[in-house]
Amino acid sequence: MRRISQLTAGLLLVVCFTQNLTISPSAASTSSGELILLSAAPGSTPANNSSSWPTLSADGQLVAFTSQASNLQSGDQNSVSDVFLYNRQTDSLDAITISSEGILGNGASYQPAITADGRVIGFASLASNLAAGDSNGLSDIYIHDRQIGKTEQISIAPDSAQPNGWSDQPSISGDGRYITFRSAADNLVANDNNHADDIFLYDRVTARLLRVSNAVGNSSDPFISSDGRYIGYLSQQSKAPEVWIYDQLTQKSSRIDPPESKLPGHYTLGPPVLSANGQYIAFSVERIRSVITYFYDYPNQKMRSIGSRQIPGNQDGLATKISISADGRWVAYESETGISIFDRITGKTGQLKINQASTPLPTSLHWPVLSLDGRSLAFVAQTNSVTNVYTVEINQDQSPSGLVAGWTSDGMGHPLAGVTIVAGMDHQARTAPDGSFFFQGISSRSITLTPEKKGYSFSPSSRTVSTSPGGAVGLKFVGLPEGIVEEAFKDIGMPYSRFRGCESPDQECNGSFHGFYAGECTDLVMDAYQAGVDFNIQAALERDFRAYPRHYYQWRDARNSHDMWRYFAYTGQVLPATEPYLPGDIVFFDWEEDGVVDHVAVISEVNSKGRPRKMVDATGVIADNPAGLATELTWKPFHASHTPGHARWLGYIPVKEISAPQDIPILLVALDAPGINLRLIDSHGRATAKATSQIPGSGYFSTGLGQVISIDQPGVSGGWIFIELTASEETPYQLGIQTIDLKEISANRIYQRKIAAGETQLIPVQLKTVEGKLKFDIPIPLP
């Protein structure tokens, strides 16, 4: 192992806590675990150049960092900085800045960001060989998925154009779905004309790129909360710098003003950091050669100073890094004497100290980074004339309030929300959207944690931990939805089909009928989920529409297989067909290959590689199932070739309904077809499409199989909207046109047509008001 004791025996880290910022010799203290030097070559050979920018997984076992050293891995001959990942459990070090083919980047890579489980790592890079088409010669944002070995460029325009400006400072949500970054490019989204650096947000599920900031001046230093809802960043809206928080749910930004904003004179701000759910925010302010670190309770709008330091005349100003634990209890920051750690519960501040009994001694400790569970600390220090990256386990004094924390996931590492964690007789917690849970205030004792969720079995089924002296963190539970498959099996032999069904749910129909009786393949799926895990897909779909009326649904009915696909796509629970399957997954089929889902089934068995073996399916009468009754079928190659993906319910908690501003009339146009370009044009010649958004109040959304364009209050743009379709090949398509008024569908039409190769079809839509509600006409028949 790369223990520092192998290089310099006898080093000891101590965290001391006292009520004041000055550390007293008699302060209570506890010793840490072993100090580990990460930036070292095999055999603990010191790195031959500097390393920096560490970032940790939730439990601190995986640490990504940047290094200019060329001896950390054999074959590193690019003479530039790379991003490496150190695994503390296996004592291994791997290069992350590689292409999907395993080729090391040919340009400098830096600023890593890591997901909670360490599977996905984002970074900035000047390399041109990490992804096809990178020809701009500028720094771009990439992600590397360690599980599938894929590297892809994130900072790219919707029309696949390379950005025309520098991109850096990536930050990634705990589950890896959202990535935010800074960019000077003005061609990533439409109407970016402020001539300044902006903050962008990329959704890996919907492939949607959004500009978060729109300041007159530059914006920088984005940090996304682990649950992906909030993004903190710095912005120069006026002469004074400002901390802003963007809320994905409300799509609104709010400003946080430090006390210095009310004082005369100049001040500067340090990058903000957020707790896992965005409740707590920390940042620093420099004014008159003094740096103050602030801790802010966002919902309650309460701010307090937790540390300060004076800046000598020969040193730089702001602390370069602040870090916060998932629950917001611990905040690590740079202080006059090195690294300090603030405890929100006790109000005490501790100082990280190193026993000076041995040499060479790490000096100039800076850039502190805490793991989400608050138990591991990484930092940068000077040794042997270069900067190195270290990590250490900190046995922080958490009495009298013990901390118990961890997370739940499915069998593939995706976060599992809505799991109840029962802790003894008097404590319960529910896992957040990122799968995390924590308890505070548990007295020092032994306690048993038991995860519970209807239809799920967990491994382990329970865990007994001690909360003394500092609690228990990094606890993991893996849940599998066995109830879905069990309930699906009960439907085998039932007459699900388009043409056969029981006349009533109480009538026996070839045996005791288990659930739905109308006779659709989606009924089997809905039945299995309702009875198996108490998840009503139809009710969830309705809540989604109510909260987001710009989400197009053809019938607003989960019994329509394509509407079911849309629901899971909108909520980010669709996985591509290349991703491993689990029993209980919903598999979708597009038999006609026209972009419209025709059929669904429940996966019942997978092989060791996560590929399907069997599925429970309501096929109707087919060659493999002449009886037409629900059955378990063997997975065949033609199934694999006709599935666009599968859905996995991850305990998604429906959002609350969004009020008043969403009650406005909305026009929705949905195109389901591969290879056709969709564009809307208003009466003034303004257009909205995938790469442009000129029509006021318009938005673009991809469901993976189709495209949706919405226009708020379309009458403002005139009485006409023109739908333009273009295709390079002959393609069948399904076009849906819909108006929403007061959150109800006021008009709805579906067209199924074909478009010829090289053809452009222009469809006029005349908007009108009938009985006070927005509706439309198509005065010219579609081709």
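Quick notes
- Total residues in the range 76-103 satisfying the condition of being out of contact with any strand residue (DSSP E or B) (no Cβ under 7 Å at 6 or more places or on another chain) and farther than 23 Å from Asn384 by Cβ: the figure is 5.
- Checked against (1) in a loop (DSSP other than H, G, I, E, B); (2) in contact with a His (Cβ under 8 Å, 6 or more places away or on another chain), Leu782 passes all but a single condition, namely (2).
- Per-region count, the range 712-725, residues in a strand (DSSP E or B) and either hydrophobic (A, V, I, L, M, F, W, C) or surrounded by fewer than 15 Cβ atoms within 10 Å (Cβ to Cβ) (or both): 5
- Tally of residues being of a type in the set (Val, Ile, Thr) and closer than 11 Å to Pro665 by Cβ across the range 739-775: 3
- Ser213 outside any strand (DSSP E or B), at pLDDT 90 or above and farther than 23 Å from Ile324 by Cα: yes
- Hits in the range 220-253 (condition: part of a loop (DSSP other than H, G, I, E, B) and charged (D, E, K, R)): Asp227, Arg229, Lys239
Conditions (1) crowded, with 18+ Cβ neighbours inside 10 Å; (2) within 30 Å of Val708 (Cα to Cα); (3) not assigned by TED's automatic domain parsing to the domain that holds Phe295, marked per residue:
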residue	(1), (2), (3)
Tyr202	yes, yes, yes
Arg208	no, yes, yes
Ser226	yes, yes, yes
Ile231	yes, yes, yes
Pro241	yes, no, yes
Tyr246	yes, yes, yes
Gln251	no, yes, yes
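- Among the candidates Ile780, Ile695, Ile709, residue that is surrounded by 20 or more Cβ atoms within 10 Å (Cβ to Cβ), without any contact (Cβ under 8 Å) to a residue 40 or more places away in the chain and on the phi < 0 side of the Ramachandran plot: Ile695
- Reported count of residues in the range 347-403, each being assigned to a loop (DSSP other than H, G, I, E, B), at pLDDT 80 or above and surrounded by fewer than 17 Cβ atoms within 10 Å (Cβ to Cβ), is 2.
- For the residues Ile148, Ile103, Ile141, Ile121, the requirement of being under 15 Å from Asp198 (Cα atoms) and not hydroxyl-bearing (Ser, Thr, Tyr) singles out Ile141.
- Residue match in the range 692-699 (condition: within 23 Å of Tyr570 (Cα to Cα) and in contact with a Phe, Trp or Tyr (Cβ under 7 Å, 6 or more places away or on another chain)): yes
- Residue within the range 620-633 that is closer than 18 Å to Arg648 by Cβ and exposed (fewer than 14 other Cβ atoms within 10 Å of the Cβ) present: no
- In the range 190-201, the qualifying residues are those that are free of Cβ contacts under 8 Å to residues at least 60 places away in the same chain and either closer than 19 Å to Ala689 by Cα or outside any loop (DSSP other than H, G, I, E, B) (or both), and the one that is farthest from the chain's Cα centre (by Cα) is Asn193.
- Matching entry among Thr692, Thr726, Thr731 (being hydroxyl-bearing (Ser, Thr, Tyr) and either touching a Leu at 6+ places or on another chain (Cβ under 6 Å) or more than 22 Å from Val189 (Cβ to Cβ) (or both)): Thr731
- Highlighted here are the strands (runs of 3 or more DSSP E) found entirely within the range 1-95 that include at least 3 residues which are modelled with pLDDT of 90 or more and either under 27 Å from the mean Cα position of the chain (by Cα) or within 23 Å of Asp373 (Cβ to Cβ) (or both): 51-56, 62-67, 82-87, 92-95.
- Filter pass, Pro433 being in a loop (DSSP other than H, G, I, E, B), farther than 30 Å from Leu352 by Cα and at pLDDT below 85: yes
- Residue satisfying all of: in the range 743-768; outside any strand (DSSP E or B) and among the hydrophobic types (A, V, I, L, M, F, W, C); surrounded by the fewest Cβ atoms within 10 Å (Cβ to Cβ) among these: Ala757
- Checking each residue in the range 259-297 for being touching a residue at least 40 places away in the same chain (Cβ under 8 Å), of a type outside the set (A, V, I, L, M, F, W, C) and either surrounded by 16 or more Cβ atoms within 10 Å (Cβ to Cβ) or in a strand (DSSP E or B) (or both) picks out Thr268, Gly270, Pro271, Pro272, Ser275, Asn277, Gly278, Gln279, Tyr280, Ser284, Thr293, Tyr296.
The values are calculated or read from the model by the stated rules, or taken from the named source; none is laboratory data. Please read all numbers here as calculations on a predicted model, not as lab measurements. Quick reminder, even Gly has a Cβ in these numbers, built from the backbone with ideal geometry, and neighbours come from all protein chains shown.
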